[in-house]
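Each remark here refers to the structure printed beneath this line.
The values are calculated or read from the model by the stated rules, or taken from the named source; none is laboratory data. Small disclaimer: the values here were computed from a predicted structure and weren't measured. All Cβ positions, glycine included, derive from the backbone under ideal geometry; neighbour counts span all protein chains shown. Note: areas computed on protein heavy atoms with side chains; ligands, DNA, RNA excluded. Shrake-Rupley method; radii C 1.70, N 1.55, O 1.52, S 1.80 Å.
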Amino acid sequence: MTRRGAAGNGGIVSMPQGESRGVRSDLTEPRAIAEPAGAGASPDAGAVAARPGSRDTARTAERRDTLPHPDSPTDRSSIRDLVSPDTDAATATRAPVDASATTASRPASGVTDATSTTGGRPLAWARRYVAVVATCDALVGALAVTGALLFRPLAFEPWKVAVLIAGAAVAWPLAIAASRGYERGKIGVGDDEMHAVGRALILAIAVSAIPCAITGQYGVVAVSGIAVPIAAAASICVRFVARKNLHRRQRAGQDIRRVIVVGSAFAAADLAGMLGAEPHCGMKVIGVCVPKADVARAKEVGLEVLGDLDQVPSLIDTYGADAVAVTSGDATRHNYLRELSWALEGQRVELLVHPGLIEVAGPRMHIRPYVGLPLLHVEQPHFTGWRRVVKRAFDIVATSLGLIVISPILLTIALAVKLGDRGPVIFRQTRVGLDGSTFTMLKFRSMHVDAEQRLAELRAANPEIGTMFKMVDDPRITRVGKLLRKYSLDELPQLFNVLAGSMSLVGPRPPLQSEVDGYEDHARRRLLVTPGLTGLWQVSGRSLLSWEETVRLDLRYVENWTLTLDLLILWKTAYAVAAKRGAF
């Protein structure tokens, strides 16, 4: 049983099914259920597959063109855009499903086409991804040892050097495989891939040291000490590039997992919204299975109903599903989940369980056995302790070095601001920090001197902007200020706030007192941590995000803060600044 982050909302517990086929329960016996007539969109369109020769086949092509593009924005309040049901169609009664018969009757362009967006089982795109990454790891291992030998030559015969390089090309991917770095269920989401490389680094150094200690050939240890960290860094870069390419394809509707959501109507609609809100997670909801009593309600909220709860196993092959996502709630309690996992054995399909925890990520969740029961243990968020001491030490060291490096840039910007309109170089503003305390935040002035006096006028003219006032073409911004804001250079003086301790390099943005006064109770949790120069919402769209999305991302950071997350956000900040997305 493993954890996987999905759609950025809590951790979805993944329960991979075994290969052996056990005795099936009565879950495999499909029952009749009313479904929309014309549920014949092709699997590539994410709807129900039409039977050849049926009256719905003609409608299939029409519905395929009306489905939303995966890049289109998603509104959780309307799940119709996610699964595109034909809500105006009449209903027809489905006869009991014979999985083998329906599989044989699907057209050639059906769900088992490994080159289509359906993926097939096992997922062809996942196999390709793992094969490419493993090949790159082998190349990385060989090149890392070759480079290390240039710095630390060994008195070996040429053939021994060749064997050492070839051995590295095999040993490094094996170390990653032993660290569970090639599991197809973990690619594209979470940080398991990166953590596996870190474990492989320790394993490779430890294993290489054992024979060297026995034989006394310590030169090989020195080579390993150089080559393994280089290989680890390169393998992480390989995964970063591979994941970026995978997410790009998944946003385009390719290389995705086709998911059947199981649960009550409203719980299924909520989980479908979460999965559809972030298309780069690579999960496409093809429909839902709900209790019989909820079928009408599910259709009212726009869900594509594929069957009832007992039909799930038989619908896997019928609709080419790669995963089954089970919601929390009364409908799936008691023995249902256990019996469903038994019924899915041998079908090579992932079973995902949403525990119902919002904005709680994997590092805080652990499956622990108590009195024979696997219980989900949720750790408390860390707001104090040694982790905060390490975070503060990192802020001081990194900021001090950064200020030394960019000091010429700071002087150049200060001169440009001063010559622009002869006004002050630094803009000072009172912001709210840790636990509601106030401090003076520093920025390079990017607006005219009377900007604060004109704010009330602009708010009155643009009431739709909301709590956090951001305008695409703010008339108060100076000519130099536009350039500074485009690359976020106006934020650089906040490095002095970081040194002073009122801010951190990473954290929620420091709000104004007027914004805090309008906070709802849950939004006040943003004040539990030190505000930051950059954060989750800055690397997720910045000013393009709504106020609600900004608060959600900041709360996700507050609830799930780790040192690793800080480093990841700093890494992504450089890309976000260079892309200039949402900067105005």
Between the modelled labels at Ala206 and Asp435 (7 Å from Cα along Cα→Cβ) the distance in nm is 4.1 nm
Taking 0.36 nm per residue of separation and subtracting the Cα-Cα distance, what length does fully extending Val221 through Cys237 add? 3.3 nm
Considering only protein heavy atoms, what per residue accessible area in square angstrom results for region 175-273 with a 1.4 angstrom probe? 42 Å²
Amide H proximity to Val285 below 5 Å, modelled H, separation 5+ or other chain, gives Val259
Just to confirm, what accessible area per residue do you get for region 304-430 at 1.4 Å probe, in whole Å²? 50 Å²
Which listed pairs, of Lys443/Lys482; Lys186/Lys299; Lys244/Lys391; Lys186/Lys244; Lys244/Lys572, have C-alpha distances above 23 Å, in listed order: Lys186/Lys299; Lys244/Lys391
Cα gyration tensor of region 190-270, axes a ≥ b ≥ c as square roots of the eigenvalues: rounded (a/c below 1.5), prolate (a/b > b/c) or oblate? prolate
Computed FRET value (nearest 0.05) for Ala131 with His366, which takes r as the C-beta separation and R₀ as 41 Å: 0.80
Burial ranking of peptide ranges 257-264, 424-431 (average Cβ count within 10 Å, highest at the top): 257-264, 424-431
Sort region 253-364 into rounded, prolate or oblate with this rule: let a ≥ b ≥ c be the square roots of the eigenvalues of the Cα gyration tensor; rounded if a/c is under 1.5, and if a/c is not under 1.5, prolate when a/b is larger than b/c, oblate otherwise. rounded
Calculate the spin-label point distance for Val397 paired with Leu458, positioning each point 7 Å from the Cα along the beta-carbon direction, and give it in nanometres. 4.0 nm
At a 10 angstrom cut-off on C-beta neighbours, averaged per residue, how do the peptides 550-563, 229-242, 474-487, 276-289 rank from highest to lowest? 276-289, 550-563, 229-242, 474-487
Search the structure for amide H atoms under 5 Å from the amide H of Ser328, placed 1.01 Å from N in the peptide plane, and list their residues when 5 or more places away or on another chain. His354, Gly356
Can you list residues whose amide H is under 5 Å from Val305's amide H, if they're 5+ apart or on another chain and H is modeled 1.01 Å from N? Val288
Take the solvent-accessible surface of the protein heavy atoms, probe 1.4 Å, and return the percent of it on region 201-327 that carbon and sulfur atoms account for. 67 percent
